1. Go through the range 92-110 residue by residue and tally those that are touching a helix residue (DSSP H, G or I) at 6+ places or on another chain (Cβ under 8 Å) and either within 21 Å of PRO35 (Cβ to Cβ) or basic (Lys, Arg) (or both).
2. In the range 18-60, how many residues are surrounded by 17 or more Cβ atoms within 10 Å (Cβ to Cβ) and hydrophobic (A, V, I, L, M, F, W, C)?
3. Going through the range 34-73 one residue at a time, which ones are of a type in the set (Ser, Thr, Tyr) and not in a helix (DSSP H, G or I)?
4. Taking the condition touching a residue at least 24 places away in the same chain (Cβ under 8 Å) and touching a Cys at 6+ places or on another chain (Cβ under 8 Å), does PHE71 pass?
5. Only one residue in GLY110, GLY65 is under 12 Å from the mean Cα position of the chain (by Cα) and crowded, with 18+ Cβ neighbours inside 10 Å, so which one is that?
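A short reminder: the numbers here are calculations on the coordinates, not readings from a lab. All values derive from a computational prediction rather than experimental measurement. All Cβ positions, even for glycine, are placed from backbone atoms using ideal geometry, and neighbour counts span all protein chains on display.
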Amino acid sequence: MTNADMMVIFDVIITIMGSYIIFSTIKMKKDGMVPNLFVPVEEMTKCKDQPGFIAFLFPRAIIFGIVSAIFGIEGVCNDMFLNLGQIVNVIMIVVFIVAWVWFSMQLRKGKEKFF
């Protein structure tokens with residue numbers, strides 16, 4: 001397996017992860033239950049305001065899921081179909097890492113507020 005094949009696999013996994021985050025977030029909003037993707041079940045027992053936490057988390061998780069899916073799709077397109085250039089790859093990596101750090105900080109902030 002070549003490095004290019006490994007990158008395509010990585011990009012597909014990131015795309016699936018982003019899609020799963022979006023799906024889980026929409027399901028969370030619909031069902032009113034926070035999935036253990038975001039917070040372990042044991043920790044959720046300490047939540048003082050689950051509906052408030054869901055309302056807080058929903059837009060942030062959707063944004064992170066969309067950024068992740070776009071990052072993965074861009075990677076697949078770049079590795080398989082057309083070369084978008086190193087600048088685009090660097091920008092996408094930076095955007096993904098910034099989104100990841102931002103979401104992690106927001107999740108921690110939500111836990112501090114609602115737990």
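1. Total satisfying the criteria: 7.
2. Residues in the range 18-60 being surrounded by 17 or more Cβ atoms within 10 Å (Cβ to Cβ) and hydrophobic (A, V, I, L, M, F, W, C): 11 in total.
3. THR45
4. So PHE71 fails the test.
5. GLY65
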